[in-house]
Amino acid sequence: RTKIAVFASGTGSNFDRIVTEMQGGRLSVDVCLLVCDKPGAAVIEKADQYGIPSFVFDAKQYDKKESFEREIYEQLQKLEVEWVILAGYMRLIGYTLLQAYPERIINIHPSLLPAFPGKDAIGQAFDSGVKVTGVTVHYVDEGMDTGKIIDQEALRILETDDRASLQRRVQEVEHRLFPATIQKLISE
Ligand code: GAR
């Protein structure tokens, strides 16, 4: 099984789905570590419940990105992590990790990139009046949601949608697309 680390900053619904797909034998990974940059985030409790170790840090305690990424990298090396999976990690990845994991860091983003990069992509799409949005899985580079696209799935915005229902429907797509894409990549 391929060793992965999941990076997340918030609720962790994608983290949760990756773990349950793994437990159900549909995803042949070993989630070795959660990396979280938000002490107190709900995802940390989820990792605890599953008995998955977590590395939690506060970027404000470090002088620069390189300093905390070096610590993260030490953990990843110790656990022999092969792939880094960003599941709602709201921070740009720096040179230290990009260089250590070339084409081995992937991210999920809740829009059809290159439309609506950055924060609150679902709200951005809703407010813009587009009729179709979706989900993108892409390789991570130094930019904000700019790396090479691996897969996308489109979703129609309904007349009856509000932000909450759109968010729910986009996340349903994420929870299906992300584990399936990860499985495809690691079995290539
Ligand atoms: C997900 O919708 C993910 O696509 C998004 O954060 C959410 C995390 O939800 N990521 C980004 O916006 C990255 N730019 P979760 O914590 O419930 O998995």
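Every number in this text was worked out from the coordinates using simple rules, so none of it is lab data. From a predicted model like this one, the values you see are computed outputs, not experimental measurements. Because the Cβ atoms are built from the backbone with ideal geometry, glycine has one as well, and the counts that use them run over all protein chains shown.
Here are some notes:
- Taking packing as the residue-averaged number of other Cβ atoms within 10 angstrom, the listed peptides 81-94, 59-72 run from highest to lowest as 81-94, 59-72.
- Taking the fewest neighbouring Cβ atoms within 10 Å as the starting point, the ordered list for L79, L166 is L79, L166.
- Neighbourhood charge, 12 Å Cβ-Cβ cut-off, centred on T136 and excluding it, Lys, Arg +1 and Asp, Glu -1: -3
- The magnitude of the dipole of segment 92-188, with charges of +1 and -1 set on the Cβ of Lys/Arg and Asp/Glu and taken from the Cα centre, is near 140 debye.
- Cα-based shape type of segment 70-176, given that a ≥ b ≥ c are square roots of the gyration tensor eigenvalues and the cut on a/c is 1.5: prolate
- Debye, to nearest 20: dipole size of segment 1-151, +1 on Lys, Arg Cβ, -1 on Asp, Glu Cβ: 200 debye
- Computed from the Cα positions only, the extents of segment 38-114 along the three principal axes stand at 34, 30, 27 Å, in decreasing order.
- Residue of L177, L34, L158 that the Gaussian network model of the chain assigns the largest fluctuation, springs spanning Cα pairs under 10 Å: L158
- Full extension of the chain segment joining D48 with K64 gains 3.0 nm, where the gain is 0.36 nm per residue of separation less the Cα-Cα distance.
- Only DSSP H runs of four or more residues enter the estimate; each adds -39500 (n - 2.57), and after division by the residues of the chain the mean residue ellipticity at 222 nm equals -12000 deg cm²/dmol.
- Segment 112-153 and segment 27-82 have Cα centres separated by 24 Å.
- Measuring spread by the Cα atoms of segment 119-188 yields a radius of gyration and Dmax of 13.2, 40 Å.
- As computed over the chain, the Cα convex hull volume per residue (Å³): 116 Å³
- Here's the list of lysines a cross-link from K131 could span, going by alpha-carbon distance under 25 Å and ignoring same-chain residues fewer than 8 apart: K119, K148.
- Between helix 13-23 and the chain: long-axis angle, C-alpha atoms, 0 to 90°, nearest 10: 60 degrees
- Length gained on full extension, Q23 to D141, computed as 0.36 nm times the residue gap minus the Cα-Cα distance: 39.5 nm.
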